[in-house]
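**Student:** Please read through the structure below; I'll follow up with questions.
Every number here is computed from the coordinates shown, using simple stated rules; none is lab data. This is a predicted model, so every value here is computed, not measured. Cβ placement follows ideal geometry from the backbone for every residue including glycine, while neighbour counts extend to all protein chains displayed.
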Amino acid sequence: MVESVKETYRKKALLVFSASLLIVAYGCTALKKSPDRAVQIEEDHEMLRIERYKENVRRDGDTLYLKVGSDAYLAFKDTQSCDPPLPCDYEFVDYYSDLGFYLIFAGYYEGEDYIMISDKDGKEYSVKELPRLSPGKERVVSVSACDAFCINGVFIWRIVDDGLVSELFYEPGEYARYSFIKWKDDNTIELTKKIYSTEQLCPEFDFMTVPVTLRLEEGGWKFYDDLSSSNIRCGPGQINFTPSP
């Protein structure tokens, strides 16, 4: 489901780029969305999600509406110009009705974001990537592996009655691309981390991937890298590390 959201935006971005070339070539001043059928099929997935929550979510053309409070609606309108820093497109992703939050995807001219929105007061929280709920639904984690035009790191929020409270905002200072694996329990998250290889570990490859445990302890969240040779994966193909004889 979420992959279709990103794919939709990427297709739209490609269409916008192609249209921009036409504008340069022909001196046009207006940019219109392409009626490309493939894009329309991807957009239909959003309508299926909206149908599930039609009492609270609706779309009218290029505008997405989310119900807030008893009878008010927030409006998120797609833009034709796509001028930074405003988003180009909004897409409804999910509604956590038991927690009181909507999740929408925002696509920019360069980059993307996921936004959780309170259905009580409409307050918005940028959660960077697809949020993953803890087993007890007390926290969300977002793991973003990004090389350009978006944030890279690991981010955790605690869910409270009046919104989200940030508990971890981690951007690695060196090259590191984290990936989410699973919540092991309410206080433990399993990740992987892609980093540059070393002369001792994966010397024949540029990169290696190591398991990482993120654990909530006294004083906050702590990272624990597993550098045991049996758990290291070398190269883009993720092959097992083989120690030199």
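**Student:** Which ³J(HN,Hα) values, rounded to whole Hz and listed in residue order, are derived for segment 160-171 from phi using the Karplus coefficients 6.51, -1.76 and 1.60 in 6.51 cos²θ - 1.76 cosθ + 1.60 with θ = phi - 60°, glycine and proline given as x?
**Tutor:** Result, ordered by residue: 10, 4, 9, x, 10, 10, 5, 10, 8, 9, 10, 10 Hz.
**Student:** Report ³J(HN,Hα) in whole Hz for each residue of segment 191-203, in order, from the Karplus equation J = 6.51 cos²θ - 1.76 cosθ + 1.60 where θ = phi - 60°; Gly and Pro get x.
**Tutor:** Each residue of segment 191-203 in turn: 10, 10, 9, 8, 9, 5, 6, 10, 5, 8, 10, 6, x Hz.
**Student:** Distance cut-off 22 Å, Cα to Cα: go down the list LYS54/LYS137; LYS67/LYS123; LYS77/LYS182; LYS67/LYS184; LYS137/LYS193; LYS128/LYS194 and report the pairs above it.
**Tutor:** On the way: LYS54/LYS137 24 Å; LYS67/LYS123 12 Å; LYS77/LYS182 34 Å; LYS67/LYS184 34 Å; LYS137/LYS193 25 Å; LYS128/LYS194 19 Å.
Correct reply: LYS54/LYS137; LYS77/LYS182; LYS67/LYS184; LYS137/LYS193.
**Student:** Could you give the nm distance between label points at ARG215 and THR188, where each point is 7 Å from its Cα heading toward the beta carbon?
**Tutor:** Placing both labels 7 Å along Cα→Cβ, they lie 0.7 nm apart.
**Student:** Given H placed on each backbone N at 1.01 Å, which residues far from GLU129 in sequence or on other chains put an amide H within less than 5 Å of it?
**Tutor:** Amide H to amide H, under 5 Å and 5 or more residues apart or across chains, GLU129 pairs with TYR114.
**Student:** What is the ratio of the Cα radius of gyration of segment 154-219 to 2.2 N^0.38 Å, where N is its residue count, to two decimals? Walk me through the numbers on the way to the answer.
**Tutor:** Details: Rg = 15.0 Å, N = 66, 2.2 N^0.38 = 10.8 Å.
That works out to 1.38 for segment 154-219.
**Student:** Using modelled amide H (1.01 Å from N, peptide plane; none on Pro or chain starts), what sits under 5 Å from the amide H of GLY235, excluding residues fewer than 5 places away?
**Tutor:** When sequence neighbours closer than 5 places are left aside, the close amide H contacts are PHE207, MET208, THR209.
**Student:** Can you list the residues, at least 5 places off or on another chain, whose amide H is less than 5 Å from the amide H of PHE101, using H built in the peptide plane?
**Tutor:** Amide H to amide H, under 5 Å and 5 or more residues apart or across chains, PHE101 pairs with TYR96, ASP119.
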